[in-house]
Amino acid sequence: QAAVDGDHQIIVAVGVSNQASDATHLEPMLERIMANTGQLPEKLIADAGYCSTDNIEASEKRGLDAYYSTSRQAHGKRPRPSRGPAPRDLDARGRMDRKIRSKAGQAIYALRKIIVEPVFGQIKGARGLDCFLLRGLKKASTEWALMATTHNIGKLHRAALAAA
């Protein structure tokens, strides 16, 4: 798990789990983001693994402008936009589906490709972390935190060089 700042690709929170589902990790990640930055993000963009009725409702209660993909999307294909007024009896998932399928929602959700996905690509591809070298949840968590820290140091270093 990683939460990434949209402006600079800085990792603001990380987590490691041995649970397959991402949906259970949203609340702990929001708590980590809050602890590390002192605030919640203006917009929250998350893939379909995080989409659950509980997470959508929790985001709404916190006042987060959240965008969860409600289904897996094929590469390079966008869902058809919603048309017409929304039905009054939509549940949380239905409301999110309409939101994500709107033109504005599609544009915001597409930002995942330039915010978080490159970070994972840089860490996995360029730095070679395609699996943890250490075993056990505590050791893997430490390894992931170290990798995120070195990623952030690299980003800050390159920003300082560019400003000089």
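In table form, for the structure just shown:
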read-out	value
Residue, farthest from HIS8 (Cα to Cα), within region 98-111, restricted to residues that are outside any loop (DSSP other than H, G, I, E, B) and open to solvent by 40 Å² or more (accessible area, probe 1.4 Å)	ARG98
Matching entry among GLY94, GLY154 (being modelled with pLDDT under 90, surrounded by 13 or more Cβ atoms within 10 Å (Cβ to Cβ) and not hydrophobic (A, V, I, L, M, F, W, C))	GLY94
Count of region 47-66 residues which are crowded, with 22+ Cβ neighbours inside 10 Å and outside any helix (DSSP H, G or I)	2
Residue list for region 7-39, filter: open to solvent by less than 50 Å² (accessible area, probe 1.4 Å) and more than 20 Å from ASP130 (Cα to Cα)	VAL12, ALA23, HIS25, LEU26, PRO28, MET29, LEU30, ILE33
Filter result for LEU44 (assigned to a strand (DSSP E or B) and under 18 Å from VAL12 (Cα atoms))	yes
Number of the condition not met by THR24 [criteria: (1) β-branched (Val, Ile, Thr); (2) within 20 Å of TYR109 (Cβ to Cβ); (3) part of a helix (DSSP H, G or I)]	(2)
Residue pairs meeting the criteria (Cβ under 7 Å; at least 6 apart or on separate chains; first among the aliphatic types (A, V, I, L, M), in region 41-68; second assigned to a loop (DSSP other than H, G, I, E, B))	LEU44/LEU64; ILE45/LEU111; ALA48/SER69; ALA48/THR70; ALA48/SER71; ALA48/ARG72; LEU64/LEU40
Selected residue (criterion: farthest from the chain's Cα centre (by Cα)) from residues of region 112-130 that are β-branched (Val, Ile, Thr) and surrounded by 13 or more Cβ atoms within 10 Å (Cβ to Cβ)	ILE123
Every pair of residues 6+ apart whose Cβ atoms lie under 6 Å, when the first sits in region 115-137 and is within 12 Å of MET147 (Cβ to Cβ) while the second is outside any helix (DSSP H, G or I) and among the hydrophobic types (A, V, I, L, M, F, W, C)	VAL119/VAL4; ILE123/LEU129
Hits in region 114-151 (condition: assigned to a helix (DSSP H, G or I), aliphatic (A, V, I, L, M) and in contact with a strand residue (DSSP E or B) (Cβ under 9 Å, 6 or more places away or on another chain))	ILE115, VAL119, ILE123, ALA145, MET147, ALA148
Of the criteria (1) modelled with pLDDT under 90; (2) part of a helix (DSSP H, G or I), which one ASN18 fails	(2)
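The values are calculated or read from the model by the stated rules, or taken from the named source; none is laboratory data. Remember, predicted model here, so these are calculated numbers, not experimental data. Using ideal geometry, Cβ is built from the backbone for each residue, glycine included, and neighbour counts are taken over all protein chains shown. In case anyone asks, the SASA skips ligands and DNA or RNA and just uses the protein heavy atoms, side chains included. Shrake-Rupley method; radii C 1.70, N 1.55, O 1.52, S 1.80 Å.
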